[in-house]
1. How far apart, in nm, are two points set 7 Å out from the Cα along the Cα-to-Cβ line at B:SER100 and at A:GLU246?
2. Count the lysine pairs in the protein assembly as shown whose Cα atoms lie under 21 Å apart, taking only pairs 8 or more positions apart in sequence or on different chains.
3. Relative to the longest principal Cα axis of chain B, at what angle does helix B:19-38 sit, 0 to 90 degrees, rounded to 10?
4. What FRET efficiency would be calculated for the residue pair B:ALA28, A:ASP177, taking the C-beta separation as r and a Förster radius of 22 Å, to the nearest 0.05?
5. Modelled label-to-label distance, B:ALA74 and A:GLN409, 7 Å Cα→beta-carbon offset: nm?
6. Which order do the peptides A:346-353, A:384-391 take when ranked by the mean count of other beta-carbon atoms within 10 Å per residue, highest first?
7. Per residue Cα convex hull volume for chain A, in cubic angstrom?
8. For the stretch A:331-413, what size does the Cα cloud have along each of its three principal axes, sorted from largest down, in whole Å?
Amino acid sequence: MSAPADVHAEISRIVREEHGIVVASLARRFGDLDIAEDAVAEALLIAVERWPVDGFPPNPAAWLTTTAGNKAIDRIRRESKRDEKHQAALMITDDTPPEPTGPVEDDRLRLVFTCCHPALSPEARVALTLRLLGGLTVAEIARAFFVPETTMAQRITRAKAKIKAAKIPYRVPDTSDLAGRLGAVLAVVYLVFNEGYLAGSGDEALRVDLSDEAIRLGRVLRQLLPDEGEVAGLLALMLLTDARREARVAGGELVTLDEQDRGSWDRALIAEGHTLVRECLERVASGGTGPGQYQLMAAINAVHTDAPDARDTDWSQVVALYDQLMAVAPTPVVELNRAIAMAELDGPDVGLALVDRLDLDGYHAWHVARADLLRRLGRGSEARAEYDAAIAATENPAERAHLTRRRDQISNA
Amino acid sequence: MTQYLLSVHPDQSVYDLPDEEKQESWDATGVFNEEIQAEGIWVFANGLTRASDATTVDATGSEVVVTDGPFAEAKEHLGGFWIIDVPDLDAALAVAERASKACGEAVEVRPFEGE
């Protein structure tokens with residue numbers, strides 16, 4: 001390690017990488033998230049002082065776990081002088097590493113199910129997951145979601161207080177509850193991903209890359225639950241979406257899928273996503289449960305990323321997948337996307353009839369779909385009015401630029 | 001073990017329904033009560049009469065003020081509750097799900113402060 005800047009970058013990387021592991025193992029050992037989190041924070045302060053001088057320990061996670069564990073015992077000892085009840089906690093002097101009884105027993109898995117418990121508000125689930133599992137600071141999370149730091153700190157404190165008072169268990173749910181509870185976990189990760197992917201305002205340079213963070217969490221879940229199809233599906237969906245990130249905006253303007261430069265798509269991410277989708281298909285084919293929403297959305301994205309040119313897209317396959325998606329997650333938004341695919345297959349008039357049936361007035365993607373279909377049908381003045389409605393319904397500057405250009409291209413004929 | 005309050009806050013109009021219409025949920029609630037007694041998680045449970053039967057006493061000022069009616073003006077008031085003793089929130093939520101199905105109302109779950 002050369003310049004101090006490098007050392008600090010390396011420390012940040014290690015913190016992100018190991019924070020979840022260390023907090024999770026301390027939470028199990030001491031049965032208290034606050035004690036775990038504070039102790040890890042203290043250990044990190046020591047690391048920041050020592051590592052640049054002494055060099056990195058051979059196993060940073062183990063070093064952090066041991067140091068934080070000692071800090072936690074110090075604290076409990078201090079408090080137990082005032083409070084006899086904590087004496088019991090001192091009895092726990094388990095220095096063994098987390099028991100290697102298989103991935104399901106990983107402490108991080110308990111932690112993620114606690115952070116994403118349905119008894120917590122969705123905002124609190126996201127914040128806790130990023131803080132405890134992702135190792136982001138409260139300030140970073142606050143900036144990422146455009147809320148004041150005090151608000152975010154309060155949200156996290158209140159959630160931790162509820163976990164303690166209401167006794168939200170620190171445990172992987174029983175097999176019978178796992179599918180439902182896993183849905184809440186995946187929803188948090190996907191929300192974090194979309195928050196990063198779709199964000200269009202704010203000071204980008206100051207924001208943590210939430211999409212990267214979500215993918216990292218997705219990889220951890222995949223490692224912990226390798227047999228869950230929806231976990232693989234969500235990771236594939238995020239990879240196949242993220243692969244198109246560079247091509248999605250050019251010159252400050254949104255570029256739609258059909259106009260993207262497919263040469264600039266990230267081939268490595270696409271290959272990894274396709275491998276995961278194939279694995280999901282094989283699992284379903286060999287008698288596993290039917291694919292859930294993330295696997296189906298990943299499969300749709302696999303069809304798109306499989307086409308060398310937009311004109312090569314297998315639209316009948318896309319429609320068939322949306323039909324399946326409608327069966328497991330029937331929402332107006334899925335219906336809208338199915339209608340757009342139907343327009344490619346059977347023509348814009350068919351698509352428009354389907355789009356018009358949906359009660360999505362005010363939802364910007366619905367206005368965009370109507371506007372594009374009206375334009376393709378040569379209904380210029382209607383299309384222009386619809387582009388205006390779409391522009392009014394979105395805050396995203398890149399999308400507004402794209403829609404404005406589309407609107408202005410319509411001839412007055 | 002932790003004690004939780006499972007409470008129901010029905011619209012006061014349920015008190016005006018004829019008994020025959022309430023019989024089914026009364027029966028189901030009775031069965032549920034016997035079940036959780038047998039499971040050893042029951043601490044106490046009962047239903048309350050209508051909120052207009054309440055009297056509020058405020059002795060925080062220099063004079064004691066006794067008022068007819070509940071503490072807060074609302075359409076929904078505490079209508080009945082269970083106190084149960086279970087290991088954690090997941091267990092409490094599972095019991096609340098059964099309670100809600102039995103009595104036909106949403107059920108709020110709140111922990112009591114630890115000893």
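1. Taking the two extended label points, one gets 4.8 nm.
2. Close lysine pairs found across the protein assembly as shown: 10.
3. It works out to around 60 degrees.
4. According to the calculation, E is roughly 0.40.
5. 5.6 nm
6. Final packing ranking: A:384-391, A:346-353.
7. 171 Å³
8. Each principal axis gives a Cα extent; for the stretch A:331-413 these are 29, 28, 17 Å.
All of the numbers you see were taken from the coordinates with simple rules; none came from a lab. All values derive from a computational prediction rather than experimental measurement. Reconstructed Cβ throughout: ideal geometry from the backbone, glycine too, with neighbour counts over all protein chains shown.
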